[in-house]
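Asker: Following this message is one structure expressed as structure tokens.
The values are calculated or read from the model by the stated rules, or taken from the named source; none is laboratory data. Keep in mind that what you see is a predicted model, and the values were worked out from it rather than measured. Here the Cβ positions follow ideal geometry from the backbone for every residue, glycine too, while neighbour counts run over all protein chains shown. In case anyone asks, the SASA skips ligands and DNA or RNA and just uses the protein heavy atoms, side chains included. Shrake-Rupley method; radii C 1.70, N 1.55, O 1.52, S 1.80 Å.
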Amino acid sequence: MGPFMQGELRDETTRAMADKVREAAQRIFANLPSGGGAPMGALGLGAVGLTGLAYGSANCLFNVEGGHRAVMYHRFGGVQQRVRGEGTHLVLPWFQRPVLYDVRAKPRMIQSLTGSKDLQMVNISLRVLSRPDPGFLPTIYRELGTDYDERVLPSIVNEVLKSVVAQYNASQLITQREAVSQRIRTDLLSRAREFHLELDDVSITHLSFGKEYTAAVEAKQVAQQEAERAKFVVDKAKQEKKSTIIKAQGEAKSAKLIGDAVRDNPGYIQLRRLEAARDVAGTLSKSTNKVYLDTQSLLLNVTDSRDVLLESHTKKK
């Protein structure tokens, strides 16, 4: 229930109680004997006085709850500049009417559809914590009324959002979100002070773009991922090519070194044969099966005729 309805209800209650007091007084005077004398008249006046006192006590006081302030409206003087704080206060019935304001911060969510610098439609939601300036409540009541937030906040929030968002591209709204939020807060505080409103917090809670822009961004991301994948495949092929070349070069160099060793020292082959025979013998010794091999199979025939021919051929060279 708003303050205006409370005031009208108070006036109706005042009129109803006044009518009841008038009726009670008429009944008291009507029931007095015609020759009642002074005692009965004094009793009637006392009853009327007590009734009036009870009525005045009930309607001459009003309470201001915690987190509220009261602006007093006088029927002959208009809105008074003094703001009543929390507690119990006096009021003159019918002549004065208190209007209560909640001065605690109230959250409000406002959505706005606006365009960015690169002509992309942006749907942005802003959460605002607002409260009236207690020192300017008489001015707020006189100029805006009790529904000041409904009158002011939607218009100034939409105005500030459209002016700020229009200075950024769609991509900048995402990458520079903190700067955008700070710019909106600064401009909105300045506009709200013109209407004697205080903003405790301003934050962007939701930011989305049109379907076309979202699809274009997704397609761009997919293309970038495919390009990165193709680049990775090319780099992998280059590395494999280098690895093959290095491996071939190593094998060629190894073969050349082995050839030089055989040419310069025929005993090199015998040394390698003995090493191979040692490996074969070690493997067979660990087996549970019994295997019988001759020296030729074990590569231990050091008097092989092929070795003699190789040695004589090397000496001839």
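Asker: With respect to Phe76, determine if the residue is within 22 Å of Arg104 (Cβ to Cβ), modelled with pLDDT of 65 or more and not in a helix (DSSP H, G or I).
Answerer: Judged against the criteria, Phe76 is not a match.
Asker: Checking the condition in contact with a Phe, Trp or Tyr (Cβ under 8 Å, 6 or more places away or on another chain) and over 23 Å from Asn59 (Cα atoms), which residue from Leu137, Leu161 passes?
Answerer: Residue meeting the stated conditions: Leu137.
Asker: Restricting the search to region 178-211, which residues are in contact (Cβ under 8 Å) with a residue 40 or more places away in the chain and aliphatic (A, V, I, L, M)?
Answerer: Ile184, Leu188, Ala192, Leu197, Leu199, Val202, Ile204, Leu207, listed by residue number.
Asker: Still on this structure, please answer the following. Output the residues belonging to region 79-110 that are in a strand (DSSP E or B) and among the basic types (Lys, Arg).
Answerer: Matches in region 79-110: Arg82, Arg84, Arg97, Lys106, Arg108.
Asker: Sort out which residues of region 231-254 are under 50 Å from the mean Cα position of the chain (by Cα), open to solvent by less than 80 Å² (accessible area, probe 1.4 Å) and of a type in the set (A, V, I, L, M, F, W, C), and write them in order of number.
Answerer: Val234, Ala237
Asker: Using beta carbons and a limit of 6 Å, which pairs, at least six apart or on different chains, have the first residue in region 77-106 and under 12 Å from Pro134 (Cβ atoms) and the second one open to solvent by 50 Å² or more (accessible area, probe 1.4 Å) and assigned to a strand (DSSP E or B)?
Answerer: Val83/Arg69; Tyr101/Arg69; Val103/Arg69; Val103/Arg131
Asker: OK, next. Output the residues belonging to region 63-108 that are under 12 Å from Leu137 (Cα atoms), β-branched (Val, Ile, Thr) and in contact with a Leu (Cβ under 7 Å, 6 or more places away or on another chain).
Answerer: If the condition is that a residue be under 12 Å from Leu137 (Cα atoms), β-branched (Val, Ile, Thr) and in contact with a Leu (Cβ under 7 Å, 6 or more places away or on another chain), then Val71, Val83 are the ones that fit.
Asker: Still on this structure: Given the residues Gln225, Gln239, Gln249, Gln270, which is the only one that is in contact with a helix residue (DSSP H, G or I) (Cβ under 8 Å, 6 or more places away or on another chain), without any contact (Cβ under 8 Å) to a residue 40 or more places away in the chain and part of a helix (DSSP H, G or I)?
Answerer: Checking each option against the conditions leaves just Gln270.
Asker: Search region 115-162 for residues being farther than 17 Å from Arg183 by Cα and of a type in the set (Asp, Glu), and hand back the single one that is farthest from the chain's Cα centre (by Cα).
Answerer: The qualifying residue farthest from the chain's Cα centre (by Cα) is Glu143.
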